[in-house]
Each structure stands twice: as C-alpha cells, then as structure tokens.
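Have a look at the structure below, then the notes.
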Amino acid sequence: MFIDGFYKPHTPGSLREPAKTYLFPSNWLTLPLSFGLLMSPWGGHSVFPNIYRDMRHPQKFGRAVKVTFTFTYILDCATAVAGILMFGDGVATEITANLLNTKGYPRMLSIIMSVFIAIIPLTKVPLNARPIVSTIEAICGLDTLSVSDSPALTGLSGYTRGILRVVVRVVVIVIFVIIAIVFPAFDSIMAFMGSSLCFTICVILPLMFYLKIFGKEISLRERMLDYVLIGICSVLAVVGTVWAFLPKSLIGAE
C-alpha cells in the first residue's frame, strides 16, 4: 500500500489488509496434502461411545452430535478463512505459530495464547486417549467386567487394580508425548491421520457397515450413491496417504 506517497510492503497478520490469495492452488502438486488436513478435524468419532455412556441424558446424544459438529464446522471454517486472509502463503501449520512469531501484536495476547495452548492438551489428550486406555484395560483384564470374570485378577485388591489403571493411563500419555517429540511435523502427521484414518473410520467403514446391514432395505439410488462415496473416499485416502510421506521438496511444499 501507499502511505504519504511512499510504498509500504504488506505486513501479514491483518484482516483489514488481506494477504495475497489464490482462487486455485498455485502448485497443484500440494493439493493432495489438503485431503487429510481437511478430514483431520472430524476424527473424533472414537470418543463417541464413551461420551454416550457418560451422558446424563443419553437420549439427547443425537442432538448433541449435531450441535457439536455444526459449531466445529463453523469454527474451523472461520479459522481457516481468517488464517489464509491474514497470512496468505506464509500461513504456518498452526495459526497460533503465526500469531506468536509475527511482530506487532500486543504482548498480553501472546501470553494468553501460550497459556491456552498449554491448557488444551491437558483436556484433549486424555479424552482422545480414553478409547485406547479402555481397550488396553479390557485386554489386560483391568476393567470392571474382566475383573469379575478373570480368576487371575480376583486375588488383587481394589487398590492394586487402581494403581495398575493409573500406570496404564500414564504410559499411554507418555507415549503420545514421545510421538509428538519424535515426529514434530504437525501438518504431515495431520495429513497422514486424516487421509489414512479419518477417511477410513469416518466415511468408508460406516458406509460399508450401513450397506451390509441395510443394503436390502434401501433404494438402488441410495446404494449407488454409497458405493460412489466409498470409491471416491478410498481414492482420496490412498492418494492423501502417499502424499503425506513424500518429501516436501519433491512436491514444492516447502
């Protein structure tokens, strides 16, 4: 922009002065990376059984899912649009990284954001780890049902079983932290998880189960639509997974 007759380069980080954006990708080779990134926010289905079981009014579960996903969709879209408008091609793998590293923002904003970033894992990681913890406890016979049916565990006191459950939970969280340290590339991890796991768990398998259970009861048009969705999502999952492992220098994503 021009100020007092002099040209001043655009400073990223302002919605009033949007950065340069593109209607279509400037590098089409990076497009498959977006498949997994766009699917990754919807990968929370594994916690649904635990949430349903812990709800005070389980009959409201359907409504709760609709409200939650609607709010998540609006929030994710708003964050994505704001990030690309503010920083353009310079947007980082996390929008918070841009806000913390860009000069000009109030110091207090950076402090508050750092506190929020530190709080989020304390609440989100245990929730995401709960299905894994429940599975390990069931395999090891530490859950309530297994204890009543396992003669080997009936001799253990409730205190000992409680200690073992705590150990399982701590070990799972520690493994999560180690994985995060060993694989710090957040965008690559999200692209891989979104492509290989979210497409499979959130779209492909539910549609296949639906066809298996209700295939003879639904119309031919609905069955064809489900098969088309399974085919498209399978292709996107395979391509997105392969692209997540390709070197960024090879596809020009650096």
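The values are calculated or read from the model by the stated rules, or taken from the named source; none is laboratory data. Bear in mind the structure is a predicted one, so any value in this text is a computation, not a measurement. Glycine also receives a Cβ, built like all others from the backbone with ideal geometry; neighbour counts cover every protein chain displayed. For the accessible areas, the whole protein counts, side chains as well, though only heavy atoms, and no ligand, DNA or RNA atoms are used. Shrake-Rupley method; radii C 1.70, N 1.55, O 1.52, S 1.80 Å.
With the whole protein complex present, residue 241 retains an accessible surface near 30 Å², based on a 1.4 Å probe. Counting only protein chain heavy atoms and rolling a 1.4 Å probe, the accessible areas of 227, 22 rank, largest first, as 227, 22. Rolling a 1.4 Å probe over the protein heavy atoms of the chain, with every protein chain left in place, gives an accessible area that is 71 percent carbon and sulfur.
Short to long, the 10 Å bins of the Cα pair-distance histogram for region 79-126 hold 24, 48, 26, 2 percent of all pairs. Candidate values (1) 23.1, 85; (2) 17.0, 49; (3) 21.8, 75 were compared with Rg and Dmax of the Cα atoms in Å computed on the shown model; the agreeing label is (1). Residue 219 contributes an accessible area of around 60 Å² to the protein surface, as traced by a 1.4 Å probe with all chains present. The slack between residue 22 and residue 178, meaning 0.36 nm per residue of separation minus the straight C-alpha distance, is 52.4 nm. For residue 14, the accessible area of its heavy atoms, probed at 1.4 Å with every protein chain present, is near 30 square angstrom.
Residues 176, 71, 61 ordered from highest to lowest accessible area at a 1.4 Å probe: 71, 176, 61.
Pairs of Cα atoms nearer than 8 Å and 6+ residues apart set the relative contact order; for the chain it is 33 percent.
What is the calculated FRET efficiency for residue 97 to residue 220, with r their C-beta to C-beta distance and R₀ = 41 Å, to the nearest 0.05?
Efficiency for this residue pair is about 0.25.
Dipole orientation for the chain: of the candidates 67, 93, 106, 67 has the Cα lying most toward the positive pole (charges on Cβ; Lys, Arg +1; Asp, Glu -1). The listed residues 60, 216, 248 rank as 216, 60, 248 when sorted by accessible area, largest first, using a 1.4 Å probe. For the cross-link pairs 66/216; 66/212; 60/124; 20/124; 20/66, the ones whose C-alpha atoms lie over 31 Å apart are 20/124; 20/66.
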